Structure formats: structure tokens, C-alpha cells
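Contents: one structure, followed by commentary.
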Amino acid sequence: MFEKDKLSNIENSLDEYEKVTSKLLEKRPERREDFISGSGDSIKNLYTPLDIEKIDYSESLGMPGSYPYTRGVQPNMYRGKLWTMRMYAGFATAEESNKRYKYLVEQGSSGLSVAFDLPTQIGYDSDHSLAEGEVGKVGVAIDSLKDMEVLFDGIPLDKVSTSMTINAPAGVLLAMYIAVAEKQGVSADKLRGTIQNDILKEYIARGTYIFPTEPSMRLITDIFEYCSKEVPKWNTISISGYHIREAGSTASQEVGFTLADGIAYVEAAIKAGLKVDDFAPRLSFFFNAHNDLFEEIAKYRAARRLWAKIMKDRFGAKNPKSMSLKFHTQTGGSTLTAQQPDNNIVRVAIQTLAAVLGGTQSLHTNSRDEALALPSVDSVRIALRTQQIVAHESGVTNTVDPLAGSFFVESMTDKIEAEAVKYIQKIDDLGGAPKAIDDGYIQREIMDAAYKYQKEIESNDRIIVGMNQFQIEEERPTGLLKVDLSVGENQKLKLVELRNGRDNVAVEKTLVELRKVCEGSENVMPYILDAVKTYATLGEITQVMRDVFGEYQQSVII
Amino acid sequence: MDLLQGLKKGNKRAAAKLITMIENRTEGYQDVLKEIHKSSGKAYVIGITGPPGAGKSTLTDKLVKEIRKQDKKVAIIAIDPTSPFSGGSILGDRIRMNDLSLDPGVFIRSMGTRGHLGGLSVATKSAIKILDVYGAEYIFVETVGVGQSEIEIVKSADTTVMVMVPGLGDDIQAIKAGIMEIGDVFVINKADRDGANRTRAEIEMMLDFSNSEFKPAVKMAVAVDGKGINDIIDEIERHKEYLIKTDKYHHNRVTSAREEIVEIIKENITDKIFNDHLISSQLAELTQKVVKREIDPYTAGFNILKSIKL
Amino acid sequence: MDRPIRVLVSKPGLDGHDRGAKVIARALRDAGMEVIYTGLRQTPEQIVNAAIQEDVDVIATSILSGAHGTLLPKIAELLKEQGAEDILFIGGGVIPDEDIPELIESGVKAIFTPGTPTSETVEFIVNNVRK
């Protein structure tokens, strides 16, 4: 990128600079022996053109909106349209969550993001014995289409885009969404939104799996195929690094493991007979935002560039939309402290900047009280306002990819990409992501990083403000949002009512059909949709699938 | 002796506490062992061994579920290697047997490989006896087939199931000498992976060289999906019938009883010698001389032997 | 030789976030303890059955889903039923301070909230385990 003779001038002055600083260091050593990034990588004292001399602008960066998309997926980025401010919410009953969604839309939230409770995510009805104590706790409880109708009551589904954090039973919830829309008079081809639908990271890090790998991959490719025809504007998967990072991975691992999962989905779909350019444009990603501003920005840029290369070179994609990595970001839940929770507002602000400077398409900002409980309405508002301040007051949205060309950020981008490539190669050697998960390779790498990080904190090598330094005596906040146990009881009563009121013969008939399809190879989605419409419950539908597919067994890696 | 009463009545807590007592060699443990020996010897012991990652725990889980259909009481001892660095350990085999922990007819105990004063094999054999008296009709002992004491444990089982996975070519070469001999049933788990047939052929070829009377069969399985489980059970039964018919069953028990006595003698001799102050100081003194090349280690060793009074 | 402290580390309920449980399992191992890890989705019955068969000195549970109010007292109750209250029963995770007194009342011996150094948990176990 630079002229040869100018570079050698820089080299000379850098030598000079090093001499001066090392003399300085003799007199007064620096604050630390080693300066490390949020992921534990050593950071040099100075970055110069020498660190990025190999970069070829057109090849490595290019223009925003074109290959390899390092600088962003749209040509004018936030000058055209701001990112979608999408706040993940949902708790207790469909009624209460519905109120929260309406509130968020009134406050300027531009997309909905549904959190489901754990029984829903694992395919159990609220009256299942394993659901005891969990109903409505971390999200809304959905047992049947009835609950879904209430959840989106008064929200026009042709106007909003809805993201649903649902994985193992993603097809069932998507079917319910389609059915609700139909009742509103909205056809499936007008629906916009995302289902998470990323089972591999459930095995790796998040734990809400149901079925073994093979049938799970089939369900995913069935959804790809079905949506490419019937719900063309729907993002069929959100390949998630978020939870991998929350589980303790480094930034490079987040990129490497997430893209390796992505590769596995693309391969599965191709193997199932789909054409890469038919489904790849609807693949989306989901990354974390931690506190190390520059590392995070570099991470998003590296992920975009690497995915573009993978899609083009490895899978021969032709459609530019197949090559551009679009992603949602959530600020890092694990970076929040239970101590002095108001400090979390500042952390989230830094993370918001990282995501925006990294070119995110949508963003959820965490609330200050999330290390304590579910967020209160006030905290959610502050979190949303943080995004709005960055969008409208900070000025960072005025130009596209403002940090491009920074010696530090570009060299960090290169480094993260190179490390991610190494992880992907290793996973390829092991036979792909599903095998690498089976063997526990990915989990072990993440756990090693997590344990190292914990030790750094405990030895005060890493300072977390308010937690291991700058502590105060404080009273823990009271009056946190709590979900009453009566929510579970009410859901149970509603289930009894539902089972008495519906046409049980029709339910049984659709479930028998579904079982046959599961045993065969036809696409399951139309049959799930039929079952959902008869008000078969989520638990009943997934039970049929459990019977046919079996259940996943966790690999224990510590 | 409350615990012993409880044990004989099939109380789980008593069995668990007694195993701890043996593991830690808490005072009185020998009395316990003396007491229970008489009533032990009824259970059929099945060893499950193979390299790490072969799926031993999952296979054990499925085998036990199948055997439980006959309403037989089962116990499992899962042995996990201890971290070589900290002396602590994380025992994770249980995780693959999670549904079994709700079955009242199953008892599962995890054991680390460190921290057993008398050696792991002694502790395991004692634990087997306790679970035998507790009423288990089948006892599964699951362990990675490495290390002398683990091989000893496996050898003391009535039937040993060797679990392999496809694509272990070189590993098979390496372990054939030691471990291939002790397998009575061979299982190729994860048989849906590439190379399963090749691995099977390799094992069968090696077994052809063996001149033992009982020809082990090689069974294919995908334990995670419950495939091949019944075949393996049938094969265990076939081996059991062979043992009984040929009187090998009795013969093996004679061998292991003898080994047990020998082991107790060895262990106690070693204890006595190295806990003796005089001998310790003599050893220290002679060691110095050996290092300085004043005498050789043989002379030193025999000098010490001379002064030992048992 | 000192016998190692045996600890059952477990995740009750449906919550799949096991970073904390795994980090604590490693820390206890590095402190020389024998850790029996039972992984995700454990019912109170499974946890207590495992604890009894393994004859552990400590049960350490981690729970982030908010179901602690139901699941932890249930474990304590089952331990009492089995006459096994002498097992040191502790919990950790996202548990609001105001919920802690009730949990302690039910039989949980200590609750460790986010940000607790693992060394503090190790120390608590060493000082409070049955001798």
C-alpha cells in the first residue's frame, strides 16, 4: 500500500523511536510488562505503515458494498439507514410480553426480538415435569398457536421484522408465526425476520438442543428449502458467535468457530440438493460486542472478509448477496458486573460503539441490571437510548467504516482473520464442525480460554472495575423484575382448556402424518404448519420428533 | 457395623459410604472387607475398556438399560484418569448415564485414578465386593485401557468388552500386544463412521492369530443410537456360557483370588519396609554411596534386604 | 495422605449456560478436589441420587435461569428425606440478593453471586465441609 523508499524511511525512524523508548523504559518502566487485548493477545506499543505494508487496498478492503466487504455490506452504510435497534425481550406470559413489545415499538425500537422461556426452547409444554420452575423465566412461554396469537396481538406482521431466538424447535415457532400472520391476512411472502435456528452452537455453548446432529441438520436444511420458496424475505438462520464468546472464547475463536459452523450449514444444504445462491443470501450471523473497542471492530471486519472469501472460493457462490456477511450484534452479557450495576451503562456504550464502527445491521443493547435479574423497563429504556445517542449524537455514523486505514485496526483485522483461518483448518482436518464438536475440540478450546480469563481476573492481571478493583460497600438493588410462579400455573390451566376445546381428532391426524414425514425424507415444514394450525402443542409436536429422531447427548468437555 | 447391616439390606447410602471407607482406607476398612468377603462372589463382573473417546460410557449406559429390562440390579464403577498435574480430578463419565441415575435398580460410582493408598486395582476390587454384597447382579467396570493397574482391573472381570472406534489403525497395532489378549468381546463403536469395516477386518485378522479356545467376535455398534446393543449382550452371554461350561469361570476366580492374596502380601511388605525408620535411614545412607560410586545399587539393595525382618 | 474432598458439580433445570459450572469444576480440581460433573438438565432427584451414590462431601449447583427458587429448595428437601443434610450444599449464578435468605432457610449453605472469585468458593468448601 506504500511506496518502497518511503517505507524504508519509516523503518529508520521506527528504529530511532524504539531506541528512545527503550531508554525511557530503563528510567521508568511501563505500567505493565505485557499489554493484552480483551482476548489476551499481546498488543505492541506502536503500529505504523510497516504493519500493513502487505495490504492491497482493492483486494483486502475494497469499497463498501462490494467484495470482500471488509468495509461494510452496504455502499453508504448508516448514511442511508441506521441499523435496526432490536431489543431482545420476552418474559412471563404472551400477554405481558405483548405489552412490552408495544412499548418498545412506541419508544422507537424498529424490530422485535422474541425471547422464549427454556421449556419452549427445549420443546416442553409448560405442564411437563422438567418445566417446573422455568415457565416464563427467561422469556415468554409458548405452548401453542393460541399463545402466539396473543403475543403478536395488535402488531401488524407485515410492518415489523421479528427475530426469534429459537433453535431446536425453530420450525415449529416459525410455523406458528406464519399461521398468526395468515390470520392477520398477511401472506408468508411478506414476512420479514429471523429465526436463530443454529443448533451447532447449542451443542457448543448454549445448551438448548433437543435432537442429535444429523436430524437437526436435516430440519435446518428443510427450513432453508421451505423458506426459499414460501417465505423468501425471512432470514432462515442466525449463525451465532455470540454464545461462543459468552462461553469464554477469544475474539478470533468467535470468528473461527462461527464461520466453521456456517460452513457446515452450507455444506449440509448443498448435500441436500440446494443451490448455494438459492439459500446463502438468507444466511445471517450474530456476534458479540465486548469491551476491547479496537479488537471488536477488527473482529467484525475480519469476519466479513473471511466469509466473502469462503463463499466465493470454497462454495463458488456467484450472487454478491451470498458473499456478504450480514450480522446482528448483542452487547456482551458476561462483561456486565453485578457490582455497581450502573457502570454497566458505560460498558454497553463502548460495546455499542464497537458494533456500529464494525458495521452491524442490527443491535441489542443489554440493560445494566442483567447480571442481577431480568431487565426492568427503566433499564431497557437506557439501553435503547444508548444506541440512539451513538446514532444521532456521536457522529460515528456520518461516514462509512471510519477506522479503515488505521495501522492498528487493519493489522488487527489481518491477525484475527489469520487466526480464524487456522481454527477453520483445524476443524476441517477433524472432519468439519459437527465432528469437531463431537470430539469436544471446540468446547475444549473455549473452556481453556475461559479458564485463563478467570485466572487473569483472580490474579488481578485483568481489572474489572467495581469487581476486583475500585469496589465500594453497596446495597444490592431490590425490587428487581421477577416472574411469579403463578405464570406457570396459569399456563398449565390454559393447556387444559386448550386440550379440551380443540378438535383432538384433527390434532392426532396431523401428528401421525408428521411422524411419517419425519421417518421419511420429505420436507417437514408443511406438516408442522398443518399440526400447528390444529392447535397441536409445541410439546406434542416435538415429542413426535423426539420419538423418531432421538435426543442429543452432550459431549462433556471441561 | 450399622453400615454393614444397611449394605446387606441393599441400602445405597451404606454401600456408598463403605466404598469411600475402602478408598480412603479409613480405620476399620479391613474388618469390613473381611466381613463382606463371605457374602460376595455372586455378581457377574463385566469390564468395559478401550481408548479415550471410544464411547465407553455411552455403551455402558445402553448395555445397562437393556439388562435392566430383565429387572436385574446393576452397579457401575466408572474409572476416570486423574489430572496428572494437580492431583485433583474431574470425573465426567456419569454425564452419559444421566437417565440411569433415576433408576432405583442402578448404582453408579465414579473413581479417580489417584489418591488410592493401596493402588487403584485393590480399591476397585474391594468396591466390586461391596456392590456385590449390596445386591448387584451385574457389575460393570468401565476404564480407559492404559496403565498397569487398569489392565489388572479389567483382567479380574468375568467378561471384558474391548471398545474400539474406526480409524484407529496405528493404535490397534500399538495395543494389540497387551490389550487384545484380554478382550472377550470386541465392539467397534461409532460404526457409522468411515473405516469401520477396515478396522473390523484388522481386528479379526489379529484375533485369528490367537490360539485361545474361545474365539471372540467383533460386533458393530452405534451406541449413541442404541444400535448393536442386543448383539453385544448376546455375545457377553455366549462368553459367560463358555466360562461356565468349561469351568473357566471357577478357574478364573481361583487365579484372581490368588492374585489378590499375593497383592495384599506385596503391598504390606512394601508398607512395612518403607515405613521402617531404620531401613529408611539405611536407604538414604546407601543411596549417597551409590551416587558417589562407592558401592553399586545391587550390593546396596541386598544389604538392605539382609536387615529386613518380617 | 489426605483424602480428596469429593464434590458433585451440577446444573439443575433447563439452563444451558455452563461456563460458570465448568470454571468452578476446574478450579476445584486444581485445588486438589475430586469433582464429579453431571452436566446439564439435571432434576433435583438426579442430583441427590448421584450425590448419595458418589458419597460426595459437597453439592455445588449453578443456575442462571431464575428457577433457583423452585429447584434449590427441592434439592435441600430431598437431601433431608435421605438423611443426607450433612452434605454441604451450595449454589451459584444469577440469584438476586433478596432471594438468598429464603434459599438459606431451605437448607442451601451458601450462595455465590456473579463476580465471586473461585478462590472464595474453594475456601468456603475447605472450611465448611464435614470433617
query: In Å², rounded to the nearest 100, what is the total accessible surface buried by chains A and C against each other with a 1.4 Å probe?
result: 3300 Å²
field: Antiparallel bridge percentage (DSSP; both residues within chain B; nearest 5)
entry: 5 percent
query: DSSP H helices in chain A with Cα extent of 15 Å or more along the helix axis and mean Kyte-Doolittle hydropathy at least 0.5?
result: A:170-184, A:251-271, A:343-357
query: Taking Cα pairs under 8 Å and at least six residues apart, what relative contact order does chain A come out at, in percent?
result: 18 percent
task: Keeping all protein chains in position, work out how much accessible area B:L18 exposes to a 1.4 Å probe, and write it in Å² to the nearest 10.
output: 0 Å²
- prompt: Cross-link list B:K56/C:K74; A:K426/B:K190; A:K102/A:K137: which exceed 25 angstrom alpha carbon to alpha carbon?
  reply: B:K56/C:K74
statement: CD proxy, 222 nm, the protein assembly as shown: helix-only mean residue ellipticity via -39,500 (n - 2.57) per DSSP H run with n ≥ 4, per residue, nearest 500, stands at -15000 deg cm²/dmol
query: So, in nm, how far is label B:R198 from label A:Q471 when the simple model puts each one 7 Å beyond its Cα toward the Cβ?
result: 5.8 nm
- line: Rounded to the nearest 100 Å², the accessible area buried between B and C, both sides, probe 1.4 Å, is 2400 Å²
- request: Be a star and scan the stretch A:1-34 for residues whose amide nitrogen sits under 20 Å from the point 7 Å along the Cα-to-Cβ vector of A:E53.
  value: A:1-20
- request: Under 21 Å Cα to Cα from A:K23, which lysines show up? Leave out anything in the same chain fewer than 8 places away.
  value: A:K44
- prompt: For the stretch C:6-125, what's the relative contact order in percent, using C-alpha pairs closer than 8 Å and at least 6 residues apart?
  reply: 28 percent
query: What percent antiparallel are the DSSP beta bridges of chain A, to the nearest 5?
result: 5 percent
- request: Quickly rank B:7-13, B:278-284, A:110-116 as a protection proxy: mean count of other C-beta atoms within 10 Å, highest first.
  value: A:110-116, B:7-13, B:278-284
- request: With a 1.4 Å probe and every protein chain kept in, tell me what percent of the accessible surface of the stretch A:98-228 is carbon plus sulfur.
  value: 49 percent
query: Using the beta-carbon distance between A:E182 and A:R385 and R0 = 35 Å, what value does 1/(1 + (r/R0)^6) give for FRET efficiency, to the nearest 0.05?
result: 0.45
query: Charges only on Cβ, +1 for Lys and Arg, -1 for Asp and Glu: so what's the dipole of the protein assembly as shown about the Cα centre, in debye to the nearest 20?
result: 660 debye
field: B:D296-B:K245 pseudo-label distance in nm [points 7 Å out on the Cα-to-Cβ vector]
entry: 5.5 nm
- line: Simple SL model, points at 7 angstrom along Cα→Cβ for A:D461 and A:D34; separation in nm is 0.6 nm
field: Average Cα contact separation per residue, the stretch A:61-148, under 8 Å, 6 or more apart, as relative contact order %
entry: 25 percent
- line: In this structure, the FRET efficiency calculated for A:D448 and B:K227 from their beta-carbon separation, with R0 = 30 Å, to the nearest 0.05, is 0.35
message: Over the stretch B:40-256, with the other protein chains present, what is the accessible area per residue in square angstrom, probe 1.4 angstrom?
response: 40 Å²
field: Cα-Cα over 28 Å, subset of A:K229/A:K422; A:K455/A:K482; A:K81/A:K309; A:K452/C:K131
entry: A:K229/A:K422; A:K455/A:K482; A:K452/C:K131
query: Can you give the accessible area of A:K23 in Å² (nearest 10), computed on protein heavy atoms with a 1.4 Å probe?
result: 140 Å²
query: If R0 is 51 Å, what FRET efficiency do you get for B:D2 and A:E497 from their C-beta distance, rounded to 0.05?
result: 0.45
field: Loop sites in the stretch A:276-351: trypsin sites (Lys or Arg not before Pro), DSSP, at most 16 other Cβ within 10 Å
entry: A:K318
- prompt: Restricting attention to the stretch A:34-111, which trypsin sites (Lys or Arg not before Pro) occupy a DSSP loop and are surrounded by at most 14 other Cβ atoms within 10 Å?
  reply: A:K44, A:K54, A:K81
- line: Highest mean packing first, using Cβ neighbours within 10 angstrom, the peptides A:352-365, A:220-233 sort as A:352-365, A:220-233
- prompt: Got a number for carbon plus sulfur as a percent of the stretch B:266-306's accessible area, 1.4 Å probe?
  reply: 62 percent
- prompt: Counting other Cβ atoms within 10 Å, which GluC sites (Glu not before Pro) in the stretch A:378-468 have at most 15 and lie in a DSSP loop?
  reply: A:E393
- prompt: Between the stretch A:80-121 and the stretch A:1-74, what is the C-alpha centre distance in whole Å?
  reply: 42 Å
field: Peptide ranges A:519-525, A:127-133 listed from the most packed, as the mean C-beta count within 10 angstrom indicates
entry: A:127-133, A:519-525
- line: Pairs over 19 Å Cα to Cα, from A:K233/A:K326; B:K8/B:K72; A:K201/A:K312, come to A:K201/A:K312
- line: With a ≥ b ≥ c from the Cα gyration tensor eigenvalues, square-rooted, and the rule rounded for a/c under 1.5, otherwise prolate when a/b > b/c and oblate otherwise, the stretch A:4-52 is oblate
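The values are calculated or read from the model by the stated rules, or taken from the named source; none is laboratory data. What you see is a predicted model; the values in this text were computed from it and never measured. Because the Cβ atoms are built from the backbone with ideal geometry, glycine has one as well, and the counts that use them run over all protein chains shown. Quick note on the areas: whole protein, heavy atoms, side chains included, nothing else; ligands and nucleic acids left out. Shrake-Rupley method; radii C 1.70, N 1.55, O 1.52, S 1.80 Å.
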